[in-house]
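The values are calculated or read from the model by the stated rules, or taken from the named source; none is laboratory data. What you see is a predicted model, and the numbers here were worked out from it, not measured in a lab. In this analysis, Cβ positions are derived from the backbone assuming ideal geometry, glycine residues included, and neighbour counts consider all displayed protein chains. Protein only, heavy atoms only, side chains kept; ligands, DNA and RNA dropped before computing areas. Shrake-Rupley method; radii C 1.70, N 1.55, O 1.52, S 1.80 Å.
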Amino acid sequence: MIQAKDASFNYISYTKGTGLTGTLKDFFKRNTKKIPAIENLTFSINPGEVIGLLGPNGAGKTTLIKMLTGILPVSSGKISLLENIDPFKKEVKYLNQIGVMLGQKSQLIWDLPPMDTLLMLREIYKVSPEDFKNRIQYLAGLLSVKKQLLVPVRKLSLGQRTKFELICAIIHYPKILFLDEPTIGIDVSSQENIYKFLKKINTETNMTIVLTSHNTKDIEALAQRVIVISHGKKLFEGTTPSLTSKFASNDILEITTKEPIIPLPNNMTQLSDTKYQINDKNTSLIPVPAKQIISVQQKNSDLDTILINLFRSESDEI
Ligand SMILES: Nc1ncnc2c1ncn2[C@@H]1O[C@H](COP(=O)(O)OP(=O)(O)OP(=O)(O)O)[C@@H](O)[C@H]1O
């Protein structure tokens, strides 16, 4: 359904000479610099899968989404989607089958209500009036934004706008939905609402979902599989539990004490009133008198800690 074979993408940037001589030289011949953003990526995604794309800032996630959606071409290698379609050809039959929500780009028109944008999308995607009506009722109902359908976008909260961006991205019920940072700036209850919504849509329509997020909660709640990239290269591909078991280390101690520890020692993090964490499995490093301790447990690192360590070791190597 989605296949990448040795796919690479290089940005070309221009370096500017200094002074008058530099400017004159640039006028005749500009110096170019190749920035490899994606390097030899190979992976495949099955129909109906929910895939999380993970990576630190600058890893190449947005570039990859842009390549998959046909905004950027491959510099080398191959990307094909659905029935072996090259997304960069931007054929209508392909564009009709994908939905895109890019975190920093809005489809909604600031001074008009979301309904106006949705009506425009109905025309673009040729959704029948009956399907359109049913979908709006259903999707806006699931996301609790029915009452805001006719309110100008500028009067909506960030969470409400994100929910309408999502509805815009799927009003034509695409086969593949690309989401770049879908919960950025969204409160916890709206996040939960969006997770439930996406799970329901994925189950009901078998829509493939490719999502990037720095919020590991998004990944844990939604992704069946993750692809981790760093510096444009693939570090890992597999299920979230397999990522955890491959990279987690039993190096966290959780300590429960009788009373709060004041002042807090440097190597301890407070989790609650009398619960603390030390990022080391060496019990001799616990800086609390034994009579104060109720229990000490060894814990697996969570996904955030695993990713921090993974990305740190990657950048150490470079
Ligand atoms: N238009 C551009 N011109 C030149 N280089 C670019 C351009 N856009 C991105 N890059 C570079 O390509 C690399 C990958 O960037 P990209 O935006 O894909 O990363 P990302 O993983 O989405 O990062 P973030 O999590 O910060 O959004 C970075 O080194 C970035 O500086």
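Exposure check, 1.4 Å probe, all protein chains in place: E91 carries approximately 70 Å² of accessible surface. What number comes out for the charge environment of L142, summing +1 per Lys or Arg and -1 per Asp or Glu over other residues with Cβ under 13 Å away? So the environment of L142 carries a net charge of +4.
For region 249-299, the relative contact order comes to 53 percent (Cα pairs under 8 Å, sequence separation of at least 6).
Estimated from the Cβ-Cβ distance and a Förster radius of 30 angstrom, the FRET efficiency linking K299 and K196 is about 0.60. If the segment from N57 to T21 were pulled out straight at 0.36 nm per residue, it would be longer than the present Cα-Cα gap by 9.3 nm. Only helices enter the 222 nm calculation for the chain: every DSSP H run of n ≥ 4 contributes -39,500 (n - 2.57), and dividing by all residues gives -10500 deg cm²/dmol, rounded to 500. Using 1/(1 + (r/R0)^6) with R0 = 25 angstrom and r between the beta carbons of M1 and K90, what's the FRET efficiency to the nearest 0.05? Here the calculated transfer efficiency is 0.85. Over 19 Å apart at the Cα level, from the set K5/K34; K5/K89; K105/K196; K66/K199, are K5/K34; K105/K196; K66/K199.
Here, P(r) means the percent of Cα pairs in each 10 Å bin from 0 to the largest distance; for the chain it is 5, 21, 25, 21, 16, 9, 2, 0. A full extension of the chain between V151 and H214 corresponds to an added length of 19.6 nm, given 0.36 nm per residue minus the alpha carbon distance. Normalised by the number of residues in region 1-146, the mean separation of alpha-carbon contacts (under 8 Å, six or more apart) gives a relative contact order of 24 percent. Going 7 Å from the Cα of S44 along its beta-carbon direction, which residues of region 84-115 have the amide nitrogen within less than 19 Å of the resulting point? Label zone hits: 84-87.
Using a Förster distance of 35 Å, how high is the FRET efficiency between N31 and K78, based on the Cβ-Cβ distance and rounded to 0.05? With R0 = 35 Å, the Cβ-Cβ based efficiency is 0.70. Fully extending the segment from T205 to Q277 would add 21.6 nm, taking 0.36 nm per residue of separation and subtracting the current Cα-Cα distance. When the solvent-accessible area of region 33-131 is split by element, carbon and sulfur atoms take up 54 percent of it, the probe being 1.4 Å. With springs connecting C-alpha atoms under 10 Å apart, model the chain as a Gaussian network and identify which of N46, N279, N266 has the largest mean-square fluctuation. The residue that fluctuates most here is N266. Note on L112 and S189: the model spin-label points, each 7 Å out from Cα along the C-beta direction, lie 3.2 nm apart.
Per residue, the chain exposes 53 Å² of accessible surface when a 1.4 Å probe is rolled over the protein heavy atoms with every protein chain present. Projected label points at M120 and E254, each 7 Å from Cα along the beta carbon direction, are separated by 4.9 nanometres.
Using a Gaussian network model of the chain in which every pair of alpha carbons under 10 angstrom is joined by a spring, one finds that among K90, K133, K258 the greatest mean-square fluctuation is at K258.
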